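Colleague: The structure under discussion is supplied below as C-alpha cells; questions concerning it will follow.
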Amino acid sequence: MEDLSAEDLAIPPIKYEYLDHTADVQLHAWGESLQEAFEQCAMAMFGYMTDLDRVEMTEVHHVEAEGDDLHSLLFHFLDELLFMFSAERFIIPKKVKITEMDQENFKIKATAIGEEFTLGKHPQGTEVKAITYSAMQILDRPDAERPEVFVIIDI
C-alpha cells in the first residue's frame, strides 16, 4: 500500500442522508465546499451498499472523471467509483478524497481508500445498479448556507 499520512487516514464527519424516492434512492450530501459535497455523495453511495464502519483502509485506488458541466462531472465521478467497485474485485472505500477538482474544465482526480468487499465481514446492503441524472441538483450559490448535491441512484 502507498505511504499514507495520518490526514489521509482520518475519516471526515458524515454530511449526507438518504431521502425516500420511489424505486430508487436519493442521496443528499453537503460540505464546506463543492468538492467535499461530491466526496460525501460518493460515501453516501457506498454507505448504502454496506456498513462503512466495518471497512478497513488497506488498499488505495485512483479514479479520474470528466464531464461537460458540473452535473455530468458528478455523474461520471460517481459512475467511475461504481465501476471501481464492480470491476476491481469489489473494492469498497471507507474514504474518498478528491485530490484535484477543476470546475472550469470539469475534471476530477480522486483517491479511494478501502478494501475488497467480503460477505461475512461486510453486511450486504442494497446493490447500486446505476447513477442517474433524474432530478440531479447541485446547489453551490454564494448566498447558500453550504454546497449541496442531490443524486438519485438506481437500486
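The values are calculated or read from the model by the stated rules, or taken from the named source; none is laboratory data. This is a predicted model, so every value here is computed, not measured. FYI the Cβ positions are ideal-geometry reconstructions off the backbone, even for glycines, and counts take in every protein chain you see. Areas reflect the complete protein model, heavy atoms only, side chains present, ligands, DNA and RNA absent. Shrake-Rupley method; radii C 1.70, N 1.55, O 1.52, S 1.80 Å.
Colleague: Filtering the range 96-134 down to residues that are polar (S, T, N, Q) and in contact with a helix residue (DSSP H, G or I) (Cβ under 9 Å, 6 or more places away or on another chain), which residue is farthest from SER5 (Cα to Cα)?
Modeller: By that ranking, first place goes to THR132.
Colleague: So, in the range 62-91, how many residues would count as being modelled with pLDDT under 95 and touching a helix residue (DSSP H, G or I) at 6+ places or on another chain (Cβ under 6 Å)?
Modeller: Going through the range 62-91 one residue at a time, the tally reaches 1.
Colleague: Could you check the range 64-82 and list, in sequence order, the residues that are in a helix (DSSP H, G or I), within 17 Å of THR99 (Cα to Cα) and open to solvent by 10 Å² or more (accessible area, probe 1.4 Å)?
Modeller: LEU70, HIS76, GLU80
Colleague: Taking the range 119-155 only, how many residues are of a type in the set (Ser, Thr, Tyr) and surrounded by 12 or more Cβ atoms within 10 Å (Cβ to Cβ)?
Modeller: Selection size over the range 119-155: 2.
Conditions (1) surrounded by fewer than 17 Cβ atoms within 10 Å (Cβ to Cβ); (2) not in a strand (DSSP E or B), marked per residue:
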{"position": "GLU2", "(1), (2)": "yes, yes"}
{"position": "GLU7", "(1), (2)": "yes, yes"}
{"position": "ILE11", "(1), (2)": "yes, yes"}
{"position": "LEU19", "(1), (2)": "yes, no"}
{"position": "GLU32", "(1), (2)": "yes, yes"}
{"position": "GLU36", "(1), (2)": "no, yes"}
{"position": "GLU39", "(1), (2)": "no, yes"}
{"position": "MET45", "(1), (2)": "no, yes"}
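Colleague: Take the residues of the range 105-118 that are in a loop (DSSP other than H, G, I, E, B) and open to solvent by 40 Å² or more (accessible area, probe 1.4 Å): which is modelled with the lowest pLDDT?
Modeller: Applying the filter and picking the extreme gives THR118.
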